[in-house]
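Since the structure comes first, as structure tokens, the remarks are kept for the end.
The values are calculated or read from the model by the stated rules, or taken from the named source; none is laboratory data. Since the model is a prediction, treat every value here as computed from it, not as a measurement. Here the Cβ positions follow ideal geometry from the backbone for every residue, glycine too, while neighbour counts run over all protein chains shown. SASA here: full protein model, heavy atoms, side chains in, ligands and nucleic acids out. Shrake-Rupley method; radii C 1.70, N 1.55, O 1.52, S 1.80 Å.
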Amino acid sequence: MADQKKQGVLGYVFLIPSLAAFCVFMFYPLFYTVYLSFFDWNMIQPQKKFVGFQNYVILLRDPNTWKILGNTFWYIVILLILNWALPYLVSFVLSFVVGRMRGFYKSALFLPSIISLVVGSILYTWILNPVSGPVAILLKPLGIRLPFWTKTDGWVIAGLCIITTWKTFGYNLIVLLAGISGVSPEVIEAARLDNVPLRRIFFDIVVPMSSATGIYVFIITIVQGLQYVFTPIKVITQGGPNYASSNLIYMSYHNAFTLFKTGTASAASVLTMLLFVVLLLLEFRFVERGVYYEN
């Protein structure tokens, strides 16, 4: 009994370094952000002015906040299609349809994920240049002109999503491939012998049996819609034109380090965190119950 108690205490001792790092880099910034959201401060003045919920009221009354919230919603929706649904389908094709050069396809699709998103943003600024970019030159003989997507509402979100997808598609694909590889080949072969269409094999067998991995990729894709897209926004558009490409993360950054409105930036960060918590709760309520765990 004494040995068990000693082992329990020893386990907690081993947890101390991780808990300390977690408190320093997670809990302290979180609570300090919430604290700053109740103050008017520009990071220069020695005194902070307490304003209560005024920063939240300012944000919620600003029409640009609702526009940015809508942008964030579309970023998440588009990236769920491009970075979750599409990799799911491609991983199924690579696993059960493609016979030759499977390793080459996996390596080629994964390669961009090891390249900096800053580099990718600069590269795609040239590739998708509507005047002198390679895509514009190839489409010109067909009578198709690229829009000035960095200056056009709607198109700018689509362009930034393509850049983000170029970076993250390969990682999501490899993770989903690992999940699909856990599906029993005998089940797939039995379905093929019964002449079950590939469409039904995918939706009725592969997706349910790999749903544990699928829900993980689903969650990180939502994070990508909130966080990863920040880099191309910062490098290419700086939130323009007229906040048409900004999202909640960039709004927090812009308020803090461009306008020096620390309180408003902190309030925006808190609202972003609450949005993510709501999305997680909805996911656990309506999606998690259908996940298949083998063991």
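For region 1-150, the per residue solvent-accessible surface stands at 71 Å², with DNA, RNA and ligands left out and a 1.4 Å probe.
Hey, any idea what % of region 1-154's accessible area is carbon plus sulfur with a 1.4 Å probe? Show your work: numbers first, answer last.
Numbers: 7930 of 10930 Å².
Carbon plus sulfur share of accessible area: 73 percent.
Cross-link partners for residue 167 among the lysines, with Cα-Cα distance under 28 Å and sequence neighbours closer than 8 places in the same chain left out: 67, 106, 140, 151, 234.
Using +1 at the C-beta of Lys and Arg and -1 at the C-beta of Asp and Glu, which of 230, 246, 213 has the Cα lying farthest in the positive direction of the dipole of region 172-295? So the residue furthest toward the plus end is 246. Backbone phi angles across region 140-154, fed through the Karplus curve with coefficients 6.51, -1.76 and 1.60 (θ = phi - 60°), yield HN-Hα couplings of 4, x, 8, x, 9, 10, 6, x, 6, 5, 6, 10, 10, 4, x Hz in residue order; Gly and Pro are listed as x. Dipole orientation for the chain: of the candidates 134, 64, 87, 134 has the Cα lying most toward the positive pole (charges on Cβ; Lys, Arg +1; Asp, Glu -1). In order along region 79-96, phi translates into HN-Hα couplings of 6, 5, 6, 7, 10, 10, 5, 5, x, 4, 5, 5, 5, 5, 4, 5, 7, 10 Hz, rounded to whole numbers, per the Karplus curve 6.51 cos²θ - 1.76 cosθ + 1.60 with θ = phi - 60° and x for Gly and Pro. Under the combined filter of DSSP loop state and at most 12 neighbouring Cβ atoms within 10 Å, region 97-193 retains these trypsin sites (Lys or Arg not before Pro): 100, 145.
Remark on residue 39: its backbone amide H falls under 5 Å from those of 51, a criterion applied only to residues 5 or more positions apart or on other chains, H modelled at 1.01 Å from N. Amide H contacts of residue 245 (H built 1.01 Å from N, in plane; Pro and chain starts excluded): 240 sit under 5 Å, all sequence-distant by 5 or more or on other chains. Enumerate the residues in region 208-228 having an amide nitrogen under 17 Å from the point lying 7 Å beyond the Cα of residue 102 toward its Cβ. Backbone N within reach: 210. Placing +1 on the Cβ of every Lys and Arg and -1 on the Cβ of every Asp and Glu, with no other charges, gives the chain a dipole of roughly 600 debye about its Cα centre. Paramagnetic label reach from residue 277 (point 7 Å along Cα→Cβ; backbone nitrogen cut-off under 19 Å): within region 58-85, residues 59-60.
Is region 223-288 best put as rounded, prolate or oblate by its Cα gyration tensor, with a ≥ b ≥ c the root eigenvalues, rounded for a/c under 1.5, and otherwise prolate when a/b is larger than b/c, oblate when not?
Values: a/c = 3.09, a/b = 1.62, b/c = 1.91.
In terms of gyration-tensor shape, oblate.
The string of couplings for region 244-261 from the Karplus curve (6.51, -1.76, 1.60, θ = phi - 60°) is 6, 10, 6, 10, 4, 5, 5, 4, 4, 4, 4, 5, 7, 10, 10, 8, 6, 9 Hz, one whole number per residue in order, with x for Gly and Pro. Averaging 1/r over each pair of different alpha-carbon atoms in region 154-295 and inverting the result gives 17.7 Å, the Kirkwood hydrodynamic radius.
The residues neighbouring residue 132, those whose beta-carbon lies less than 15 Å from its own, together hold a net charge of +2 under the Lys/Arg +1, Asp/Glu -1 convention.
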